[in-house]
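Coordinate-derived values only; no laboratory data. Not measured: the values here are computed from a predicted model. Here the Cβ positions follow ideal geometry from the backbone for every residue, glycine too, while neighbour counts run over all protein chains shown.
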Amino acid sequence: MLIGELAQLAGTSTRTLRYYEAHGLVRPQRSANGYRVYDEAELRVVREIRSLIAVGFSLDDIRPFVACLRAGHTSGAVCPDAVAVLRHKIAEVNGCIEQLDAVRRRLHAQLDEAVTSRGCAAARSDGGLSHH
């Protein structure tokens, strides 16, 4: 299939496919006239790339998943290098969740302090939206 067909089937643009190619993730064949020609395996690769990008992986993070697919596996996540990237990403996400939870606790503490110690009408739990 040509680049436009792959882009349509994968739900992306030809520009994005060329970007993935420039980063070594997508590998087209070249026809006699120089057109990029893709086989069905590249569609699986592009879908995997898009799926991983959608949940926050970088192109470098994605490389082991693509290599796993290219090795003939039905999933890009079953190879040891991909599993390591998944574990790292989970740890990263857990760290972000912990940070956000700490921020939420601090904000609740500030709100509680504002409501109880200052008695400020604007600090009520309704966000001060009612006007008395």
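GNM on the chain, C-alpha springs below 10 Å: top fluctuator among 11, 76, 34?
34
List the residue ranges in the chain for DSSP H helices whose C-alpha atoms run 30 angstrom or more along the long axis and whose Kyte-Doolittle average is -0.5 or above.
Values: long enough: 80-113 (49 Å, -0.27).
Answer set is 80-113.
Distance in nm between label sites at residue 90 and residue 5, each 7 Å beyond Cα in the beta-carbon direction?
4.0 nm
Specify whether the C-alpha gyration tensor of region 1-77 places it in the rounded, prolate or oblate class, a ≥ b ≥ c being the square roots of the eigenvalues: rounded for a/c under 1.5, otherwise prolate if a/b is larger than b/c and oblate if not.
Working: a/c = 1.82, a/b = 1.50, b/c = 1.21.
Prolate is the answer for region 1-77, as a/c is 1.5 or above and a/b outweighs b/c.
Given charges of +1 on the Cβ of Lys and Arg and -1 on the Cβ of Asp and Glu, with all other atoms neutral, how large is the dipole of the chain about its Cα centre, in debye to the nearest 20?
Numbers: 17 positive and 15 negative charges, 42 e Å.
That gives the chain a dipole magnitude of about 200 debye.
Could you tell me the calculated FRET efficiency between residue 107 and residue 55, based on Cβ-Cβ distance and R0 = 25 angstrom, to the nearest 0.05? Please list the in-between numbers first.
On the way: r = 27 Å, r/R0 = 1.06.
Efficiency at R0 = 25 Å is approximately 0.40.
Fewest Cβ neighbours within 10 Å first, please rank 42, 48, 21, 92 accordingly.
Numbers: 42 26, 48 20, 21 16, 92 12.
By the 10 Å Cβ count, ascending, the order reads 92, 21, 48, 42.
For the chain, restrict the atom set to alpha-carbon positions and state the Rg and Dmax in Å.
24.0, 78
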